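See structure below.
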Amino acid sequence: MTNLALVGCAHIHTPGFIKRIKARTDVKVVAVWDHDAARAKKNADELGAPVVADVAEICSSKDIGAVVICSETNRHEPLVLAAAAAKKHMFVEKPLGMGTADSKKMLKAIEKSKVKFQTGYFMRGSPVHQFLREAVQKGWFGKITRARHSNC
């Protein structure tokens, strides 16, 4: 069983993550943090987990192996850097950063920490998208000058 912490509860997909986490038997949320205390409590109550007052409590806990970061995007950088420094595996909701500079800074910290990491672009694992990626890499479409895709 992997103990998780929910770090930030602002993202629109947070209720979906909670539903999926609760349905699993191999993970358990053991801490919830959000800068908005009411939002933290609401989501912690739904998960049956305690609210922590400071992200440092999550990062310093040896019992927490991973974090799910669903905070506002402008809060991702310090949260990701802290989780990477603490060697916590992480899922970070999209987009990773506000721009190139902060995203690259987070990338370097994640790579240095050697933790498992994924950001919320879940469709990249779709078999259709994997096939298209392979086709592009192999040059099956020739020189691509424009692409449009719809997911319906």
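The values are calculated or read from the model by the stated rules, or taken from the named source; none is laboratory data. Just so you know, these numbers come straight off a predicted model, no measurement behind them. Don't worry about glycine lacking a Cβ; one is built from the backbone with ideal geometry, like all the others, and counts go over all protein chains shown. Calculation scope for accessible area: heavy atoms of the full protein, side chains included, ligands and nucleic acids excluded. Shrake-Rupley method; radii C 1.70, N 1.55, O 1.52, S 1.80 Å.
Looking only at region 120-141, decide whether some residue is under 16 Å from Gly8 (Cβ atoms) and modelled with pLDDT under 95.
Yes, there is a match, as at least one residue in region 120-141 is under 16 Å from Gly8 (Cβ atoms) and modelled with pLDDT under 95.
Tally the residues that are over 9 Å from the mean Cα position of the chain (by Cα), under 20 Å from Pro15 (Cβ atoms) and modelled with pLDDT under 95, restricting the search to region 75-100.
Number of matching residues: 1.
Name the single residue, out of those in region 131-152 being outside any loop (DSSP other than H, G, I, E, B) and among the charged types (D, E, K, R), that is most open to solvent (accessible area, probe 1.4 Å).
Arg133
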